[in-house]
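The next block holds one structure in the form of structure tokens; read it before the comments.
The values are calculated or read from the model by the stated rules, or taken from the named source; none is laboratory data. Keep in mind that what you see is a predicted model, and the values were worked out from it rather than measured. As a convention, Cβ positions derive from the backbone with ideal geometry for all residues, glycine included, and neighbour counts pool all protein chains shown.
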Amino acid sequence: MKQPTSAIKDRIDALVDELHEHSHRYYVLSQPTISDAEYDEKFRELERLEKDYPDLVRPDSPTMRVGAKPLEGFPTVQHKIPMLSLNNAMNEEELVDFDEQVRRFLAKDGHDLEEIEYTIEFKFDGVAVSLSYESGVLAQGATRGDGTTGEDVTSNVKTIKSIPLRLRGAKASKGSVEIRGEVLFRKKEFESLNAERQDRGEETFANPRNAASGSLRQLDPQETARRPLYFFAYGLGSVENNGDFSRASLSDAMKEVENLGFSISPGFKTVKGIEALRSAYRDAEEGRDSLPFEVDGIVIKVNDLALQERLGFRQRSPRWAIAAKFKPVEAVTTLEDIIIQVGRTGALTPVAVLTPVRVGGVIVSRATLHNQDEIERKGLLIGDKVVVRRQGDVIPAVVAAMTASRTGDEKPFKFPHKCPECSTPVERVADEAVTRCPNPSCPAKTHNRILHYASRDAMDIEGLGDKMVALLLEHGVVKELPDIYTLTVEQLQELPRMGELSSSNLVEAIAASKKRPLSRFIFALGIRHVGTKTGAVIARSCRTIERFVKLDEGTLLEMEEIGPETARSVAEFLGDSRERSLIERLVDLGVHPHPEAAPVSDGVFKGKTLVLTGTLSTMSRKEAEDLVVKNGGKVSSSVSKKTSYVVAGESPGSKLDAAMKLGVPVITEDAFRDMVR
Ligand code: IVH
């Protein structure tokens with residue numbers, strides 16, 4: 001092991017601080033001030049230093065977010081203060097009752113108050129957790145469990161980026177501080193998670209709450225790390241040996257919690273009196289669909305902490321708080337039929353056809369049933385009365401059958417043995433929940449494949465949407481994906497509802513897609529497990545389409561961030577002669593994805609790290625950074641012994657002093673320009 005110097009230790013400290021700061025700006029404030037690449041650069045520098053000096057690895061290092069080994073089971077944790085539940089108010093009347101009870105209770109106690117001040121925040125629909133910080137560093141994360149005893153999920157909560165590994169601010173570094181809140185999935189990420197799982201033939205989660213709970217309780221923290229969970233704090237638990245926390249009002253305390261580096265409920269506010277409370281409840285319900293996460297109500301708490309103390313607790317819930325629930329987004333309707341849709345990868349998805357019903361303000365007539373097992377698990381029969389639930393933007397789901405109202409006329413659904421689109425016998429791989437149509441030229445697959453190819457994140461062909469693809473296939477002008485590049489204005493004009501302008505626009509849009517970056521092309525092919533990110537990783541590594549088609553599983557596995565499943569899937573795709581000839585045909589028809597920009601491997605700054613300071617007179621900071629990268633070097637934002645040069649412009653800052661101290665060569669802007677010339 002190398003002997004650390006104090007400069008190394010300082011560098012590690014500085015990197016940890018910087019990375020925490022940037023992570024907070026990115027994940028909590030959503031206001032990043034550096035690029036992802038700069039963040040990664042710092043992260044990798046820290047990883048290298050920690051590898052060389054394992055004794056200097058700090059428990060709050062951002063590299064500690066992942067890395068813990070899988071567990072056999074979760075140890076249990078006793079909560080210092082029980083984690084209680086909340087009483088519910090189902091409507092405004094019950095809210096009025098709550099306010100009256102609070103005032104009556106306090107009046108008994110000699111506090112005759114006309115109007116009580118309450119805090120308003122959302123009731124998150126996730127998993128309650130308690131986070132314990134010792135001297136400011138995250139020491140333990142635990143689930144609520146039964147309220148008294150929870151499970152120790154420390155390694156898993158560490159992977160959640162919106163949970164600070166170290167509290168911000170000086171006052172936080174003393175004693176022990178417990179933060180309580182909710183771990184949840186935001187809607188968008190929940191939907192992508194389910195889409196990916198469906199694609200992989202895995203079971204999908206019924207709702208974001210189940211997904212959060214399942215993800216937080218993974219025995220392998222690496223798996224939790226792959227799930228984009230989020231954390232909102234809603235309160236302080238036990239605080240010991242730290243008298244600096246505000247003990248006057250909950251709203252002050254929550255401001256402090258926010259300053260410690262946490263996200264608190266969006267729209268957190270205080271209101272005074274029952275009328276203001278009622279209108280806040282109405283407003284919150286109206287805005288619920290525009291939130292990025294699921295909520296089923298608001299939580300109302302007495303703001304004055306002294307009054308909270310007087311009010312105290314009932315058996316399992318505080319007298320000073322209530323959850324005011326929103327109207328349910330569930331309704332009862334009839335399951336008229338189950339139809340099967342065939343996706344791009346050939347997956348057969350059962351879809352419930354429902355008697356249209358209004359759920360939370362929207363008419364629902366279809367709902368996904370995910371797969372065959374789901375229908376069996378729920379024991380659904382055609383003709384059943386079913387409960388459907390709409391979860392914000394999430395596709396409506398059939399929750400359960402109301403078996404008590406069966407008449408005997410309900411019929412079981414038989415999952416087809418043949419593809420409903422092309423009659424090819426379907427296949428179901430053992431261990432997979434998904435049934436697939438194996439026919440490579442199944443029209444439904446072709447349809448969805450073209451749709452995916454043309455989609456915004458793929459080849460971005462405007463005008464080639466669902467209806468247009470159907471039209472082209474129906475009239476036989478397109479049989480396979482590459483045929484789109486043979487379409488002519490004349491041909492299109494013959495189709496119903498197609499004029500000259502729309503036809504030539506489409507032909508132009510298709511032609512424009514011939515030159516897209518390779519990363520998009522790889523994504524556009526619709527290979528299982530290959531999303532936009534994986535497409536970019538592969539493209540960055542192989543750079544040209546010629547090299548892409550020659551990739552084998554071993555080479556793919558060597559790429560950063562590519563797992564065995566993805567490697568296998570890509571290799572299988574490229575090894576399939578039909579897919580190969582499809583790619584060849586695309587190329588023959590003029591599809592030439594651009595190679596990804598190559599990093600220069602032998603420029604003047606090869607292997608060098610440069611730091612820029614001060615104002616440059618002939619170029620912007622960004623231009624200078626690009627020049628460094630173009631010439632094979634790296635740019636860092638802080639000076640260390642490993643810095644090769646510091647480029648000093650007008651009025652350089654402390655980086656110049658640091659360079660002098662560490663003996664790092666300092667060059668002028670002129671010298672820099674000479675070097676790159
Ligand atoms: S305060 C003693 N605030 O609801 C009060 N809880 O039924 C403790 N929850 O398990 C909770 N959002 O996980 C509070 N803004 C919020 C909340 C919230 C969701 C959950 C919490 C608890 C359950 C109580």
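Observations on the structure shown:
- In region 208-229, residue nearest to F74 (Cα to Cα) [restricted to those that are touching a residue at least 24 places away in the same chain (Cβ under 8 Å), away from the ligand (no atom under 16 Å from the Cβ) and not small (G, A, S)]: L219
- Meeting the requirement of 1 or more residues that are modelled with pLDDT of 95 or more, the strands (runs of 3 or more DSSP E) wholly within region 119-234 are 127-134, 137-143, 176-185.
- Among the candidates A321, A248, A253, A306, the residue that is farther than 23 Å from K171 by Cα, aliphatic (A, V, I, L, M) and more than 24 Å from the chain's Cα centre (by Cα) is uniquely A321.
- Residue in region 279-301 that is over 23 Å from D125 (Cα atoms), away from the ligand (no atom under 11 Å from the Cβ), touching a strand residue (DSSP E or B) at 6+ places or on another chain (Cβ under 9 Å) and free of Cβ contacts under 8 Å to residues at least 40 places away in the same chain present: no
- Answer residue from region 230-239, given it is of a type in the set (G, A, S) and out of contact with any helix residue (DSSP H, G or I) (no Cβ under 8 Å at 6 or more places or on another chain) and is farthest from the ligand (Cβ to nearest atom) among those: S238
- Contact map, region 427-452: residues that are in contact (Cβ under 8 Å) with a residue 60 or more places away in the chain paired with residues that are in a helix (DSSP H, G or I), Cβ distance under 6 Å, separation 6+ or inter-chain. Pairs shown: A433/D373; P440/R578; R449/L481; L451/V469.
Per-residue answers, yes or no, for (1) under 29 Å from D199 (Cα atoms); (2) among the small types (G, A, S); (3) outside any helix (DSSP H, G or I):
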position: A470; (1), (2), (3): yes, yes, no
position: L473; (1), (2), (3): yes, no, no
position: P482; (1), (2), (3): yes, no, no
position: P496; (1), (2), (3): no, no, yes
position: K515; (1), (2), (3): yes, no, yes
position: R520; (1), (2), (3): yes, no, no
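- The listed residue being more than 16 Å from the ligand (Cβ to nearest atom), modelled with pLDDT under 90 and either in contact with a Leu (Cβ under 7 Å, 6 or more places away or on another chain) or part of a helix (DSSP H, G or I) (or both), out of P32, P59, P70: P70
- Residues being more than 37 Å from the chain's Cα centre (by Cα), in a strand (DSSP E or B) and either at positive phi or among the β-branched types (V, I, T) (or both) - total across region 620-677: 5
- Scanning region 1-29 for residues that are among the β-branched types (V, I, T) and not in a loop (DSSP other than H, G, I, E, B), we see that the one that is nearest to the chain's Cα centre (by Cα) is V28.
- Checked against the criteria, T76 does not count as within 16 Å of the ligand (Cβ to nearest atom) and either of a type in the set (D, E) or in contact with a Ser or Thr (Cβ under 7 Å, 6 or more places away or on another chain) (or both).
- Only one of F190, F185, F205 that is within 15 Å of the ligand (Cβ to nearest atom), among the aromatic types (F, W, Y) and either touching a residue at least 12 places away in the same chain (Cβ under 8 Å) or crowded, with 17+ Cβ neighbours inside 10 Å (or both): F185
- Residue match in region 294-304 (condition: touching a Ser or Thr at 6+ places or on another chain (Cβ under 8 Å), among the acidic types (D, E) and more than 20 Å from P328 (Cα to Cα)): yes
- For region 316-333, taking the residues that are surrounded by fewer than 18 Cβ atoms within 10 Å (Cβ to Cβ) and away from the ligand (no atom under 16 Å from the Cβ), the one that is modelled with the lowest pLDDT is identified as P328.
Listed here are the residues, each with its yes/no results for (1) surrounded by 21 or more Cβ atoms within 10 Å (Cβ to Cβ); (2) within 29 Å of E500 (Cβ to Cβ).
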site: V429; (1), (2): no, no
site: P440; (1), (2): no, no
site: Y453; (1), (2): yes, yes
site: A458; (1), (2): yes, yes
site: I461; (1), (2): yes, yes
site: G465; (1), (2): no, yes
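- Scan of region 429-445 for residues that are at pLDDT 90 or above and closer than 22 Å to E565 by Cβ, ordered by number: T435, R436, C437, P438, K445
- Restricting attention to region 84-117 and to residues that are polar (S, T, N, Q) and assigned to a loop (DSSP other than H, G, I, E, B), the residue that is nearest to the ligand (Cβ to nearest atom) turns out to be S85.
- In region 118-162, the residue that is nearest to G181 (Cα to Cα) out of those that are polar (S, T, N, Q) and either near the ligand (Cβ under 10 Å from one of its atoms) or within 23 Å of the chain's Cα centre (by Cα) (or both) is S130.
- The number of residues in region 15-65 being touching a residue at least 12 places away in the same chain (Cβ under 8 Å), loosely packed, with under 14 Cβ neighbours inside 10 Å and either among the aliphatic types (A, V, I, L, M) or under 14 Å from R166 (Cβ atoms) (or both) comes to 1.
- Residue check, G243 within 30 Å of A397 (Cβ to Cβ) and either in a strand (DSSP E or B) or more than 16 Å from the ligand (Cβ to nearest atom) (or both): no
- Near pairs, Cβ below 6 angstrom, 6+ apart or cross-chain, from region 121-147 (charged (D, E, K, R)) to any residue that is more than 8 Å from the ligand (Cβ to nearest atom) and outside any strand (DSSP E or B): E121/F268; D125/R209; D125/E294
- Residue within region 74-83 that is assigned to a helix (DSSP H, G or I) and more than 24 Å from L307 (Cβ to Cβ) present: no
- Filter pass, R168 being of a type in the set (D, E, K, R) and free of Cβ contacts under 8 Å to residues at least 40 places away in the same chain: no
- Here D146 passes the criteria (1) buried (at least 17 other Cβ atoms within 10 Å of the Cβ); (2) closer than 23 Å to F231 by Cα; (3) of a type in the set (D, E) except the one numbered (1).
- Once region 302-315 is narrowed to residues that are in a strand (DSSP E or B) and within 18 Å of A107 (Cβ to Cβ), the residue that is farthest from the ligand (Cβ to nearest atom) is D304.
- Matching residues, region 401-433, being assigned to a strand (DSSP E or B) and either more than 37 Å from the chain's Cα centre (by Cα) or not hydrophobic (A, V, I, L, M, F, W, C) (or both): K411, P412, K418, P425, E427, R428
- Sole exception among (1) outside any loop (DSSP other than H, G, I, E, B); (2) within 15 Å of the ligand (Cβ to nearest atom); (3) small (G, A, S) for G267, by number: (1)
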